[in-house]
Amino acid sequence: MTEPVNLQKTLNSFNELWSPRIVTQFNDYDVRVAKFHGEYVWHSHLDTDELFIVVAGRLTIHLRESGVERSVALQQGEVYVVPRGIEHKPESDAESHILMIEPTGTLTVGDTHDKIPDYVDATTGHHVD
Ligand code: NI
C-alpha cells in the first residue's frame, strides 16, 4: 500500500535547481517536482509531450515551432503541455516550483539539446529517500 506524498515536504527536502525529484509514479509515468531559477537549456523530447504545472512562482517557457520563436508565461496554478518534438527552454526570473508529468525514463534535457551548462542536472529524475 502506498502512502500519501506531501508535495511541500518533498520540495523542502532539496535545494538543487533544475534537478527533478520523483514524487510518485503511475502507469509508466513519473510525477516530478523541481525548483527552477534562471534559464534552462533549449531541448526537445522527440517521443513525448511534457506537462508542466506551476506549483509556486511563475514560469516562462520559450518555444520554437517551425523556426518561429515565442514564449508562454505561466502563473502559479497554471498548466501547460509542450508537444513532443517542439524545442523549448524554461526560464524563471525567481525561484519557482514546478510539477512535471512525463514517461518514466524521460531525460530532463531531452533527446536533442544545446550545450548543457554545468548547473543543469541531466537526469531522468531522482527518487526521494
Ligand atoms: Ni523538456
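When only the Cβ of Lys, Arg, Asp and Glu is charged (+1, +1, -1, -1), the dipole of the stretch 20-129 relative to its Cα centre reaches about 160 debye.
Each of S13, S92 was scored by other Cβ atoms within 10 Å of its Cβ. Listed from fewest to most, they are S13, S92. Between D93, D118, D30, where does the largest GNM mean-square fluctuation fall for the chain, given springs only between Cα atoms within less than 10 Å? Greatest mean-square fluctuation among the candidates belongs to D118. Per-residue Karplus couplings for the stretch 114-127, computed as 6.51 cos²θ - 1.76 cosθ + 1.60 with θ equal to phi - 60°, are listed in order as 6, 4, 8, x, 4, 7, 9, 8, 7, 8, 9, x, 10, 6 Hz, Gly and Pro entered as x.
What does the C-alpha gyration tensor say about the overall shape of the stretch 64-126? Classify as rounded when a/c is under 1.5, otherwise prolate if a/b is larger than b/c, or oblate. Spell out each step's value before the answer.
Values: a/c = 1.30, a/b = 1.07, b/c = 1.22.
Rounded shape, in that the Cα axes give a/c under 1.5.
Of the residues E78, E39, E69, which exhibits the maximal mean-square fluctuation in a Gaussian network model of the chain defined by a 10 Å Cα contact cut-off? Most flexible of the set in this elastic network: E69.
In the Gaussian network model of the chain, springs joining C-alpha atoms below 10 Å, which of I22, I101, I86 carries the largest mean-square fluctuation? Looking only at I22, I101, I86, the biggest GNM fluctuation is shown by I86. For the chain, the antiparallel share of DSSP beta bridges with both residues in that region comes to about 95%.
For the stretch 92-100, putting each phi into the Karplus relation 6.51 cos²θ - 1.76 cosθ + 1.60 with θ = phi - 60° gives couplings of 10, 7, 8, 4, 10, 10, 10, 9, 10 Hz, in residue order, rounded to whole numbers and with x for Gly and Pro. Ordering H88, H97 by the number of other Cβ atoms within 10 Å of each residue's own Cβ, fewest first, gives H97, H88.
Read-outs throughout are calculated quantities, based only on the coordinates presented, and are distinct from any laboratory measurement. Nothing here was measured: the structure is a model prediction, and the numbers come from that model. Note that each Cβ is placed from the backbone with ideal geometry, even for glycine, and that neighbours are counted across all protein chains shown.
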